[in-house]
Amino acid sequence: MCPGSFDPVTNGHLDIIERSAALFDEIIVAVGVNKTKARMFDTDERCAMITAATAAMANVRVERYEGLTTDFCRKHAIKVIVKGLRAVSDFDYELQMAQMNHSLARVETLFLHTNPQYSFLSSSLVKEVATWGGDVSSLVPPVVLERLKDRLAR
Ligand code: ADP
């Protein structure tokens with residue numbers, strides 16, 4: 001599984017998803033539902049954007065989940081979580097999370113290095129740049145660009 005909040009999905013996420021799909025028979029992109037966190041896009045919108053952006057990837061499907069990632073893994077018999085690492089700053093937290101998930105459910109976490117083209121890219125930065133009128137067209141898939149424009153025009 002490739003878990004995350006994907007608010008919204010970026011080309012950095014899609015690069016990780018596509019490379020994961022080349023390594024495994026099946027990839028579930030698992031969209032976390034966290035009611036306490038403020039989001040620009042609701043869960044349905046976030047799932048719809050990923051579904052559209054991964055339409056050409058035959059072994060990728062999108063699911064939502066609430067609660068522990070390891071409970072989702074157990075339910076779907078998932079043995080491997082794939083995460084992207086952008087910089088050393090991602091590492092401390094991701095290592096802690098990977099070790100916790102392994103201790104909870106013996107699930108392994110595989111880290112893929114970011115594509116250097118996208119190492120500076122995060123959903124929050126995309127939202128911030130887009131909010132102030134910056135051009136994010138090379139950073140997100142067309143479906144996200146459309147929805148961002150639509151949301152910010154309101
Ligand atoms: P979260 O809500 O857990 O912060 P995100 O939705 O931002 O998660 O990201 C989900 C996963 O995608 C994380 O493993 C994160 O490291 C990875 N990721 C995000 N942006 C990039 C990127 N530009 N390159 C590689 N991996 C990325």
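The values are calculated or read from the model by the stated rules, or taken from the named source; none is laboratory data. Computed from a prediction, not measured in an experiment: that's the story for all the values here. When we count neighbours, we look across all protein chains shown, and the Cβ atoms used for this are built from the backbone with ideal geometry, even at glycine. Just so you know, the surface numbers come from the protein's heavy atoms only, side chains and all, with ligands and any DNA or RNA stripped out. Shrake-Rupley method; radii C 1.70, N 1.55, O 1.52, S 1.80 Å.
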Subject >> Every pair of residues 6+ apart whose Cβ atoms lie under 9 Å, when the first sits in segment 1-18 and is open to solvent by 30 Å² or more (accessible area, probe 1.4 Å) while the second is assigned to a strand (DSSP E or B) >> reply: Ser5/Val31; Ser5/Gly32; His13/Cys2; His13/Gly4; His13/Val29; His13/Gly84; Glu18/Val60
Original post:
modelled with pLDDT of 95 or more and over 14 Å from the mean Cα position of the chain (by Cα): does that describe Leu14?
Top reply: no
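Whether any residue in segment 25-43 is more than 30 Å from Arg154 (Cα to Cα) and small (Gly, Ala, Ser) is what I want to check. Can you show your working first?
Taking segment 25-43 and keeping what is more than 30 Å from Arg154 (Cα to Cα), we get 25-28.
Applying the additional criterion that residues be small (Gly, Ala, Ser) yields none.
Looking through segment 25-43, none of the residues is more than 30 Å from Arg154 (Cα to Cα) and small (Gly, Ala, Ser).
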Original post:
Just checking, how many residues over segment 36-47 are in contact (Cβ under 8 Å) with a residue 24 or more places away in the chain and away from the ligand (no atom under 11 Å from the Cβ)?
Top reply: 3
**OP:** Could you run through segment 87-133 and say how many residues are hydroxyl-bearing (Ser, Thr, Tyr), within 22 Å of Arg46 (Cβ to Cβ) and part of a loop (DSSP other than H, G, I, E, B)?
**Re:** 2
Subject >> Filtered residues of segment 95-111 (kept if within 14 Å of the ligand (Cβ to nearest atom) and more than 14 Å from the chain's Cα centre (by Cα)) >> reply: Leu95, Gln96, Met97, Ala98, Met100, Asn101, Thr109, Leu110
**OP:** Could you list all residues from segment 134-154 that are open to solvent by 60 Å² or more (accessible area, probe 1.4 Å), in contact (Cβ under 8 Å) with a residue 12 or more places away in the chain and either among the small types (Gly, Ala, Ser) or part of a loop (DSSP other than H, G, I, E, B) (or both)?
**Re:** Ser138
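Filter segment 112-133 for residues that are within 16 Å of the ligand (Cβ to nearest atom), touching a helix residue (DSSP H, G or I) at 6+ places or on another chain (Cβ under 7 Å) and open to solvent by 30 Å² or more (accessible area, probe 1.4 Å); which is nearest to Met49 (Cα to Cα)? Explain how you work it out, then say what you get.
First, pick out the residues of segment 112-133 that are within 16 Å of the ligand (Cβ to nearest atom): 112-130.
Next cut, touching a helix residue (DSSP H, G or I) at 6+ places or on another chain (Cβ under 7 Å) only: 112, 114-115, 118, 121, 130.
When the remaining residues are screened for being open to solvent by 30 Å² or more (accessible area, probe 1.4 Å), the result is 115, 118.
Numbers: Asn115: 21, Tyr118: 19 Å.
Ranking the candidates gives Tyr118 first.
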**OP:** Taking the residues in segment 19-62 that are open to solvent by 20 Å² or more (accessible area, probe 1.4 Å), among the basic types (Lys, Arg) and farther than 17 Å from Ile81 by Cα as candidates, determine which candidate is nearest to the chain's Cα centre (by Cα).
**Re:** Arg39
